[in-house]
1. Which FRET efficiency value, to the nearest 0.05, is calculated for residue 6 and residue 99 with the Förster distance at 22 angstrom and r the Cβ-Cβ distance?
2. Can you compute the equivalent ellipsoid semi-axes for the range 12-137, i.e. the square root of 5 times each eigenvalue of the Cα gyration tensor, sorted largest first and rounded to whole Å?
3. Taking the simple approach of a point 7 Å from Cα along Cα-to-Cβ for both residue 55 and residue 111, what is their distance in nm?
4. Using just the helices of the chain, give the 222 nm mean residue ellipticity in deg cm²/dmol: DSSP H runs with n ≥ 4 each add -39,500 (n - 2.57), and the total is spread over all residues, rounded to 500.
5. Rounded to the nearest 5, what % of the DSSP beta bridges within the chain are antiparallel ones?
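Every number here is computed from the coordinates shown, using simple stated rules; none is lab data. The model shown is predicted, which means the values in this text are computed figures rather than measured ones. No Cβ is skipped: glycine too gets one built from the backbone with ideal geometry, and neighbour counts run over all protein chains shown.
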């Protein structure tokens, strides 16, 4: 059973969830960020049913998160490669990983993020580009952009 679409909700978070809100979808993107490109590799890594994986890959291609291309000239098999839109999900997944490392009830974090060139551990954070302050040190509010919707819509949707 497919969930109801959020495409009519005037909220950037809702719009994002409409594309990647399914847990399997985010796990496919996670694996693609780690270099998985082929259907069988995704299936082996995730233990996901074929039909579910097919649907998630098709949806990610339809939303422009992945690009499907033949493995080689004239091949019938495809690989799935992240587009810029897909690669731009990296900070979202890093934030989720860090949150899970802190709050999931795992004895130790399952992975450590490293610089793939130096193999040095990373301690990543969001930083405001204007002030240089870390997000965790900023009291973040919001300003309603009235040109995108009425204030009444925003109060209902966030």
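1. On the way: r = 22 Å, r/R0 = 0.99.
It comes out at approximately 0.50.
2. Details: eigenvalues 157, 59, 52 Å².
That gives 28, 17, 16 Å for the three semi-axes.
3. Placing both labels 7 Å beyond Cα along the Cβ direction yields 2.5 nm.
4. Numbers: 7 runs with 66 residues, N = 158.
Calculated mean residue ellipticity at 222 nm is -12000 deg cm²/dmol.
5. Working: 8 of 8 bridges.
The antiparallel fraction comes to roughly 100 percent.
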